[in-house]
Amino acid sequence: MLSVEAVSKTFGGVQALRSASLSCAAGEILGLIGPNGAGKSTLVNAIAGVLKPDAGSVKLAGNEITGHGPEHCARAGVGRTFQTIRLFRDLTVRQNVEVAHITCRSVRPDVAARIGVDRLLAQYQLDGFADVPAGTLSYGSQRRLEIARALALGPLLLLLDEPAAGLNEDESETLAVAIEGIRRDVGCATIVIDHDLRFINRLCDRLCVMDQGQVIASGQTEEVWRDPRVIEVYVGQSETS
Amino acid sequence: MSQAIEDTTRPNGALARSLVGGLVTSLPVLVGGLLILNFAPTYYTFLALGAFVNLIVVVGLQVFMGNSNIANLGHSAFVGLGAYGVAILSTPLAMKKLSIPNAPFGFATLELDPVSSALLALLAVGILALVSGKVISRLSGVAATIVSLALLIIVHSVFLNWTDLFKGNQAFFGIPKVVGLPWMMAMSVVVIVLARLFKDSHWGLQLRASAQSPQAAAALGIDARRLRLVSWVLSALICGLAGILYAYFAGTISPKLFYFQMIFNTLAMLILGGMATVTGAVTGVIVLSVGLEFIRSIESGVTIAGIQLPQLLGLSGVALGVVIVLCMAFRPSGISGRYELDELLSRFFRRAK
Ligand SMILES: Nc1ncnc2c1ncn2[C@@H]1O[C@H](COP(=O)(O)OP(=O)(O)OP(=O)(O)O)[C@@H](O)[C@H]1O
Ligand SMILES: [Mg+2]
């Protein structure tokens, strides 16, 4: 579904991405991990069209979307959440989801008919708050709303940048179950960034480990943890998260 | 997977709801208008006509500012263009011989009926709005506001200096007085409903979303520029309509009517009432119009219980400033806040049940 090939990006003197490649199939949950500043968010932003890579290509379902801008990528089927929550705070919870669904109705009407705003709200335990302003929700609910909103786009690819950050263990578990539900119901490719390795290991089929802008390992979750370079990066980083 | 029936039925339901909402919001305006029409002395009718023009301007302003959250300091350029448009097109030839005998493009010898003149004036407003909107919609925040201000100044200088066509800073008189209170009320309702329909439409919702988080809106495929342009043009057309109605009831216009004083008054009304809602626009106009008229009446000195109060010239300006400062300090979202009148009523009745 998604294939990222040799994407590089430099900010001033900082090489945030050095020829990073990865791929993610439909229905797959890929964990993207690595220490702070490894380039994970930058990679997600390059895929979502927010950043134009200096080199390399991003293809979604065979279509080139490299550097096409966030609006175009969203219409092409990239749904995302942000590392720092970005909701439409004065709009109601329902309106937040509705806004995404409008786009879906215009670009993928068949998918939109299947999704249904009310169903999404119920799935993410937001139906009790449908008519309150999104900014008044608790932190955990805001995180869930951001995911529900991204899903209302009917995405082919879902990018979740630290969805479990700031959640307690129970909330993380609920979230993990919900994300598995997405795979089952929507079947989109999903990339999850998080520093909570327990959350990542429990959820992901495959891992992709980044360090200093490079992808240093990728593969099945258990295999990756046997990779010496991954161990090196994570040793000394005792108890990440 | 369960089919969601709601999605096929809701659009019509939503349309009906915002239509009803718009009508409920215009109810106070209608009632006020009817009272004045039937009971008030002529002096108040004249004042009310002015207030209705302000109302339409403020509702127009809300369409852009309330949804895009960008301050607009140029809207009275469109009011002025609407007014001058019908003045130039519909003024009787005998009058034109006196006022603009040297008008270019054959305008000196052209006399159209009021309706055609109004439509052509709106067309002119639409064209100016499209051109200026192309620039403004690419910008956001302060930059867009500055450009709107520049537009005001440019249009004002053209009114002042192209004397063959606009008669400069002298009053342009002799415009047919074809609009009275009933027309003004009808148009106010139309405009209020239109503003509400826009706000609740997909475009309105997407534009409000993009104003709150441009990044998130872009990530949902929303083209904020195009939406800003749409709301800018609609806002301008409503302001242009206000100008047309003004010209048709007053019969006389001059450039200074459509300059900073109008910008300041109408902005104050919108901000005081609350720019997030159409209800806020209506509320602000009612409160400030009534309030300012009351202050004006005591400005000239009144007698209360036999005590003659001194003249308080300039009081209205001071009061306006004070009210705005207090409002910004204690209720920055304006009197009506985030809910429309119909939403407030339905919340109230739901709670009372
Ligand atoms: N807009 C930017 N301008 C300049 N430098 C940037 C920008 N965005 C990211 N960087 C730099 O690029 C590098 C990678 O940042 P990125 O945010 O992608 O890391 P990350 O892996 O997401 O880290 P974290 O786990 O802390 O979120 C960092 O050194 C960061 O300082
Ligand atoms: Mg990051």
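The values are calculated or read from the model by the stated rules, or taken from the named source; none is laboratory data. The model shown is predicted, which means the values in this text are computed figures rather than measured ones. Cβ coordinates were reconstructed from backbone atoms using ideal geometry, including for glycine residues, and neighbour counts include every protein chain displayed. Side chains are part of the model used for accessible areas, which takes the heavy atoms of the whole protein and leaves out ligands, DNA and RNA. Shrake-Rupley method; radii C 1.70, N 1.55, O 1.52, S 1.80 Å.
Taking the stretch A:148-200 as the range and being within 14 Å of another protein chain (Cβ to nearest Cβ) and within 16 Å of ligand 1 (Cβ to nearest atom) as the test, the residues that pass are A:LEU159, A:LEU160, A:ASP161. Does A:THR42 satisfy being within 16 Å of ligand 2 (Cβ to nearest atom), more than 9 Å from chain B (Cβ to nearest Cβ) and over 16 Å from A:ARG149 (Cα atoms)? Judged against the criteria, A:THR42 is a match. Remark: B:SER254 matches the filter, which requires a residue to be open to solvent by less than 30 Å² (accessible area, probe 1.4 Å), among the polar types (S, T, N, Q), touching a residue at least 40 places away in the same chain (Cβ under 8 Å) and within 21 Å of B:VAL158 (Cβ to Cβ). Filtering the stretch B:131-147 to residues that are under 27 Å from B:SER117 (Cα atoms) and either basic (Lys, Arg) or touching a helix residue (DSSP H, G or I) at 6+ places or on another chain (Cβ under 6 Å) (or both) leaves B:SER132, B:GLY133, B:LYS134. Among all residues of the stretch A:176-192, there is none that is among the small types (Gly, Ala, Ser), within 16 Å of ligand 2 (Cβ to nearest atom) and crowded, with 16+ Cβ neighbours inside 10 Å.
Evaluation of B:PHE198 against the conditions (1) within 14 Å of another protein chain (Cβ to nearest Cβ); (2) of a type in the set (Phe, Trp, Tyr); (3) within 16 Å of the chain's Cα centre (by Cα) shows that the sole unmet condition is (1). The lone criterion from (1) crowded, with 22+ Cβ neighbours inside 10 Å; (2) of a type outside the set (Val, Ile, Thr); (3) touching a helix residue (DSSP H, G or I) at 6+ places or on another chain (Cβ under 6 Å) left unmet by B:TRP203 is number (1). Looking at this structure, is A:GLY62 among the small types (Gly, Ala, Ser), open to solvent by 20 Å² or more (accessible area, probe 1.4 Å) and within 12 Å of ligand 1 (Cβ to nearest atom)? So A:GLY62 fails the test.
Has the stretch B:140-156 got at least one residue that is over 30 Å from B:PRO214 (Cβ atoms) and in contact (Cβ under 8 Å) with a residue 60 or more places away in the chain?
Within the stretch B:140-156 (the criterion being over 30 Å from B:PRO214 (Cβ atoms) and in contact (Cβ under 8 Å) with a residue 60 or more places away in the chain), the answer is yes, since at least one residue qualifies.
Picking from residues in the stretch A:144-166 that are away from ligand 2 (no atom under 16 Å from the Cβ) and in a loop (DSSP other than H, G, I, E, B), the one that is surrounded by the most Cβ atoms within 10 Å (Cβ to Cβ) is A:LEU153. Before we move on, is A:VAL97 away from ligand 1 (no atom under 16 Å from the Cβ), part of a helix (DSSP H, G or I) and more than 9 Å from every other protein chain (Cβ to nearest Cβ)? When the stated conditions are applied, A:VAL97 passes them.
Could you identify the single residue in A:ALA76, A:ALA16 that is of a type in the set (A, V, I, L, M, F, W, C) and more than 14 Å from ligand 1 (Cβ to nearest atom)? Give the steps one after another, and end with the answer.
Numbers: A:ALA16 fails: more than 14 Å from ligand 1 (Cβ to nearest atom).
Unique residue meeting the criteria: A:ALA76.
Tallying residues that are part of a helix (DSSP H, G or I), within 9 Å of chain A (Cβ to nearest Cβ) and surrounded by fewer than 21 Cβ atoms within 10 Å (Cβ to Cβ) within the stretch B:215-234 yields 2.
Looking only at residues in the stretch A:201-238 that are among the hydroxyl-bearing types (Ser, Thr, Tyr) and within 16 Å of ligand 1 (Cβ to nearest atom), the one that is nearest to A:VAL177 (Cα to Cα) is A:SER218. One residue stands out in the stretch A:60-75 among those that are within 15 Å of B:GLY221 (Cβ to Cβ) and touching a residue at least 60 places away in the same chain (Cβ under 8 Å): the one that is farthest from the other protein chains (Cβ to nearest Cβ), namely A:LEU60.
For the stretch A:19-49, the tally of residues that are within 8 Å of ligand 1 (Cβ to nearest atom), on the phi > 0 side of the Ramachandran plot and open to solvent by 20 Å² or more (accessible area, probe 1.4 Å) stands at 1.
If you filter the stretch A:126-135 down to residues that are open to solvent by 30 Å² or more (accessible area, probe 1.4 Å) and in contact (Cβ under 8 Å) with a residue 24 or more places away in the chain, you find that the one that is farthest from the other protein chains (Cβ to nearest Cβ) is A:PHE129. Within the stretch A:12-27, the set of residues being within 16 Å of ligand 2 (Cβ to nearest atom) and without any contact (Cβ under 8 Å) to a residue 12 or more places away in the chain comprises just one member, A:VAL14. On the stretch given as the stretch A:45-59, residues that are more than 8 Å from chain B (Cβ to nearest Cβ), over 12 Å from the mean Cα position of the chain (by Cα) and not charged (D, E, K, R) total 8. Screening the candidates B:LEU89, B:LEU73, B:LEU61, B:LEU81 for the property of being buried (at least 18 other Cβ atoms within 10 Å of the Cβ) and outside any helix (DSSP H, G or I) yields one hit, B:LEU73. With respect to the conditions (1) of a type in the set (A, V, I, L, M, F, W, C); (2) open to solvent by less than 20 Å² (accessible area, probe 1.4 Å); (3) assigned to a helix (DSSP H, G or I); (4) more than 8 Å from every other protein chain (Cβ to nearest Cβ), A:VAL111 falls short on a single one, namely (2). Filtering the stretch A:51-81 to residues that are modelled with pLDDT under 95 and within 16 Å of ligand 2 (Cβ to nearest atom) leaves only A:LEU51.
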